[in-house]
Amino acid sequence: MRSDTDATPLSSAGEASSGRLFTITELAAEFDITPRAIRFYEDMGLLEPGRAGRNRVYTHRDRTRLKLTLRGKRLGLSLQEVKQLVDMYDSESDAVPQLKAFLGVLAQHRRQLQQQLDDIEVTLAEIAQHEERCQLLLAEAGGARD
């Protein structure tokens, strides 16, 4: 997926609102995902496209919600967490609850990742011990045959 370099984790600062509509093909190409993935996000309630005849059309709001969804996924959030945060972003209310919820989610993911990192470090140390032991056994076996 394309990298997103915005500094704000769940905002679309700098994007001008416009009346432009987007096709599913345009959004799929822009965000390097499949149309099927976009339809899945629709089924999950993250996007609400309109219709132009038989074709789906997406507003700037849908595009922003897709962008935030993909950003949340990159951060390791579940789709349920992403939906909760995107819905808060979309509301007219104060941003404070969204920011507090986002901080809580980030703290939880940080704890999970730290635990995974600790587990990986232990596993790597064990592998290093096994490698060292194998090298010693190979050296002893090779020396005995010479």
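Would you pick out the residues in segment 107-123 that are of a type in the set (A, V, I, L, M) and open to solvent by 60 Å² or more (accessible area, probe 1.4 Å)?
Looking only at segment 107-123, we keep the residues that are of a type in the set (A, V, I, L, M), and these are 107, 113, 117, 120, 122.
Scanning segment 107-123 gives LEU113, LEU117, ILE120, VAL122.
What are the residues in segment 54-103 that are among the basic types (Lys, Arg), loosely packed, with under 13 Cβ neighbours inside 10 Å and over 14 Å from the mean Cα position of the chain (by Cα), if any? Let's see the steps before the verdict.
Here is the first cut: in segment 54-103, the residues among the basic types (Lys, Arg) are 54, 56, 61, 63, 65, 67, 71, 73-74, 83, 100.
When the remaining residues are screened for being loosely packed, with under 13 Cβ neighbours inside 10 Å, the result is 54, 74, 100.
Residues satisfying the conditions are ARG54, LYS100.
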Problem set entry | Residue count for segment 75-105, restricted to those that are part of a helix (DSSP H, G or I) and within 25 Å of ASP62 (Cβ to Cβ) | 18
For this session: Find all pairs meeting these conditions: Cβ atoms under 8 angstrom apart; at least six residues apart or on different chains; first residue within segment 26-40 and more than 18 Å from ARG74 (Cα to Cα); second residue among the polar types (S, T, N, Q).
Result: PRO35/THR25
For this session: Inspect segment 101-123 for any residue being closer than 30 Å to ASP32 by Cα and β-branched (Val, Ile, Thr) and give the result as yes or no.
Result: yes
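Among the listed residues GLU126, GLU30, GLU42, which satisfies the condition of being open to solvent by 60 Å² or more (accessible area, probe 1.4 Å) and of a type in the set (D, E, K, R)? Walk me through how you get there before you give the answer.
On the way: GLU30 fails: open to solvent by 60 Å² or more (accessible area, probe 1.4 Å); GLU42 fails: open to solvent by 60 Å² or more (accessible area, probe 1.4 Å).
One residue alone meets the criteria, GLU126.
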Problem set entry | Output for segment 29-74, where each listed residue is part of a helix (DSSP H, G or I), farther than 25 Å from ALA107 by Cβ and of a type in the set (A, V, I, L, M) | ALA29, ALA37, ILE38, LEU66
Seminar exercise, completed: Flagged in segment 13-30 as among the hydroxyl-bearing types (Ser, Thr, Tyr) and at pLDDT 90 or above, in numbering order, are THR23, THR25
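The values are calculated or read from the model by the stated rules, or taken from the named source; none is laboratory data. This is a predicted model, so every value here is computed, not measured. As a convention, Cβ positions derive from the backbone with ideal geometry for all residues, glycine included, and neighbour counts pool all protein chains shown. We work out accessible area using only protein heavy atoms, side chains counted, and drop any ligands, DNA or RNA first. Shrake-Rupley method; radii C 1.70, N 1.55, O 1.52, S 1.80 Å.
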